[in-house]
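Here is the structure we will look at, set down as structure tokens.
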Amino acid sequence: MRAYLLDEINRENIQKIVEFLKENTSRSTMEQIFWVKFPEDLLSPLQFRHTGCQPHFFAVEVGPDWIKLEFFVRSLETMKCDCAGYCTDAQRDHIIKFADGMLDKLSINT
């Protein structure tokens with residue numbers, strides 16, 4: 001899986017990140033996974049046409065001293081569809097900007 005990994009994060013900052021994610025994302029049934037919705041203007045043409053699969057998300061996984069943001073776009077409505085797949089360049093940039101913005105807002109240096 002292609003992903004953006006931020007590691008060597010202390011426990012206090014992991015807690016700040018988890019609280020931020022709880023307030024600003026959708027929660028998964030798994031405690032350490034969060035879903036971040038893509039804005040419609042960043043969807044690929046295929047993803048945009050698949051209104052039944054929308055919204056589209058990327059996953060953020062939180063570990064004991066790391067967070068991983070997946071470069072994979074998926075729907076929570078269906079697991080098997082052609083609109084799920086690795087992100088476009090613009091979507092990848094959005095994921096990285098999301099991570100950087102979160103760290104800036106929380107005053108976390110990595």
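Consider E77 carefully, then state whether it is touching a Cys at 6+ places or on another chain (Cβ under 8 Å) and surrounded by fewer than 18 Cβ atoms within 10 Å (Cβ to Cβ). Considered against the rule, which asks whether it is touching a Cys at 6+ places or on another chain (Cβ under 8 Å) and surrounded by fewer than 18 Cβ atoms within 10 Å (Cβ to Cβ), E77 comes out as yes. Residues in segment 52-83 that are of a type in the set (A, V, I, L, M) and modelled with pLDDT of 95 or more: A59, V60, V62, I67, L69, V73. Taken over segment 66-96, residues that are under 20 Å from T25 (Cα atoms) and among the acidic types (D, E) amount to 3. Only one of the numbered conditions (1) surrounded by fewer than 17 Cβ atoms within 10 Å (Cβ to Cβ); (2) basic (K, R); (3) modelled with pLDDT of 95 or more; (4) out of contact with any helix residue (DSSP H, G or I) (no Cβ under 9 Å at 6 or more places or on another chain) is not met by R2, and that is (4). Of the conditions (1) more than 20 Å from P39 (Cβ to Cβ); (2) more than 16 Å from the chain's Cα centre (by Cα), K105 clears all except one; give me its number. Every condition holds for K105 apart from (1). Beta carbons closer than 6 Å, at least 6 apart along the sequence or on distinct chains, pair a first residue in segment 42-68 that is buried (at least 18 other Cβ atoms within 10 Å of the Cβ) with a second that is among the aromatic types (F, W, Y) and not in a strand (DSSP E or B) for H56/F38.
Taking segment 7-19, which residues are surrounded by fewer than 18 Cβ atoms within 10 Å (Cβ to Cβ) and either among the hydrophobic types (A, V, I, L, M, F, W, C) or within 25 Å of D82 (Cβ to Cβ) (or both)? Of everything in segment 7-19, those that are surrounded by fewer than 18 Cβ atoms within 10 Å (Cβ to Cβ) and either among the hydrophobic types (A, V, I, L, M, F, W, C) or within 25 Å of D82 (Cβ to Cβ) (or both) turn out to be I14, V18.
Checking M79, M1 one by one, the residue that is more than 16 Å from the chain's Cα centre (by Cα) and not β-branched (V, I, T) is M79 and no other.
The values are calculated or read from the model by the stated rules, or taken from the named source; none is laboratory data. What you see is a predicted model, and the numbers here were worked out from it, not measured in a lab. So basically every Cβ, Gly included, is an ideal-geometry build from the backbone, and we count neighbours across all protein chains shown.
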